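The values are calculated or read from the model by the stated rules, or taken from the named source; none is laboratory data. If you're wondering where the values come from, they're calculated on a predicted model, not measured in any experiment. Cβ coordinates were reconstructed from backbone atoms using ideal geometry, including for glycine residues, and neighbour counts include every protein chain displayed. When the accessible area is computed, the model is the full protein with side chains, heavy atoms only, and any ligands, DNA or RNA have been set aside. Shrake-Rupley method; radii C 1.70, N 1.55, O 1.52, S 1.80 Å.
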Amino acid sequence: MKPTLDVLDVRTAQVPLHRPFAHARHAHARSGSVLLTLRWDGVTGWGEGAPRPYVTGETVAGTVQALRALDPSALVALLDGAADFPGAVAALAAVDLPRLLGGLRPLPAAAAALETALLDALCRRHGLPVAAVLDACPWAADVLTTENVPRAVSEVVDLSRTPTEQLSALSSAARARLTHVKLKALPDPEETAARALQVRGLLGPSVRLSVDANGGWPPDVAERGARLLRERAALDWLEEPTAPRDWATLRRIQQGGTPVMLDESAMDPTDVAWAAATGAASLVNLRISKCGGLLPTLRTAVRARELGLRVQLGVQVGEIGPLWSIGRTLAARLGDVVAVEAGRQDAWFPTPLTDPPYAVDRQHHTAPPPAGPGHGLRPTTALTTQLTD
Ligand SMILES: [Mg+2]
């Protein structure tokens, strides 16, 4: 039977956030996802990408345009010939979707929308959860566990609340179970260090503490901020301290004794290799949308491990469904991960956007992946009635 692939629908989900989320580069008032529905060999797959101009240079409108311009017959020709599940995963892993969609200018968020939909359809056709994709990647065996590992998710404090306000709202038992707190940086490193001290005062020395500057500090401020945070608050690592890929400044910060985590600076294995070669980082924040989908994210994790860099698995603000589900699947199986983020969709979207709904156990900070098949989610009418062209 001749394989078929049709893109049925590419739509925009810009759902208002019940409460804003702010960091050094952007204040989010609504989600910004592109949702794609396709049919591959008769099975429907649903995917999501989260384009951010300040992360990958992609916009929502440009992502929609690139996905609508895709010729599915070209893609199905690349995926043709794999009758079994592992063969189909290997065929998909061999296609460079960010470049297939963007040419000379790769489009990782657009690729993530397409790839997560393809994986959903493929897994559903075989009655498997997305975790089965990981089992079909022998090249990634060194970075994966064979079973799900329960992960405590990070507490992320953005600029809309102080650490004291946010952490005091938790029960003392829930506070005691926190393993990692990530603070978004203020423009002033002194004020940022004061916030970091609030966390240490409330949670003590054993919790991991990181600060994310989202590339917003000029180089001299980043170096001063790193020193203040290390000396005053025993910071564990500093995420994206200054303009992306300023390898020289990042290396000086590392040489001063503060480990650097790359985020906006690292989208693919090449960025990771540059960071390792220049001594600019010790850690990388991987995100499914930023990296171009599950398989490219996994490939970047493999490269990071080969080069001695450790990884965090992060999220984009306001992920609607496929992205958070597939992120959780990977988080539960990555063998060496310093931190895992889960988002705060239960606070941002009071009406569930997916069935089953997004949920995090805020007492124990756990966010297990949905059961599947596929990524296990379908949109609710509360979501579909808000989608726009
Ligand atoms: Mg970041």
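So what is the 222 nm mean residue ellipticity for the chain from helices alone, if each DSSP H run of at least 4 adds -39500 (n - 2.57) and you divide by all residues, rounding to the nearest 500 deg cm²/dmol? Walk me through the intermediate numbers first.
Working: 17 runs with 151 residues, N = 389.
Theoretical 222 nm ellipticity from helices: -11000 deg cm²/dmol.
Rounded to a whole number, what % of the accessible area of the range 1-64 do carbon and sulfur atoms account for, probe 1.4 Å?
Numbers: 1430 of 2600 Å².
About 55 percent, which is the carbon plus sulfur part of the accessible surface.
Taking only Cα atoms and a 10 Å spring cutoff, compute GNM fluctuations for the chain and point out the largest among T366, T146, T179.
Comparing T366, T146, T179 in the GNM, the peak value goes to T146.
With an 8 Å Cα cut-off and a minimum separation of 6 or more residues, compute the relative contact order for the chain in percent.
20
Using R₀ = 51 Å, calculate the FRET efficiency as 1/(1 + (r/R₀)^6) where r is the Cβ-Cβ separation of W139 and K2; round to 0.05. Can you show the working numbers first?
Details: r = 30 Å, r/R0 = 0.58.
After rounding, the FRET efficiency stands at 0.95.
State in Å² the accessible area per residue of the chain; use a 1.4 Å probe, count heavy atoms of protein chains only, and round to the nearest integer.
38
Could you tell me how many degrees, from 0 to 90 and to the nearest 10, lie between the Cα long axis of helix 322-331 and the main elongation axis, the longest principal axis, of the Cα atoms of the chain?
70
Please report the spacing between the Cα centers of the range 365-389 and the range 204-272 in Å, no decimals.
Centre-to-centre (Cα) distance: 34 Å.
Report relative contact order for the range 5-138 in percent, whole number only (criteria: Cα-Cα under 8 Å, sequence separation at least 6).
For the range 5-138, the relative contact order is 27 percent.
Just by accessible area at a 1.4 angstrom probe, what is the order of E165, E48 from largest to smallest? Intermediate values should be presented prior to the final figure.
Working: E165 105, E48 0 Å².
Sorted by accessible area, descending: E165, E48.
In degrees from 0 to 90, rounded to the nearest 10, what is the angle of the helix 269-278 Cα long axis to the longest principal axis of the chain?
Tilt of helix 269-278: around 30 degrees.
Taking the Cα atoms only, what angle lies between the long axis of helix 219-233 and the longest principal axis of the chain, rounded to 10 degrees?
70
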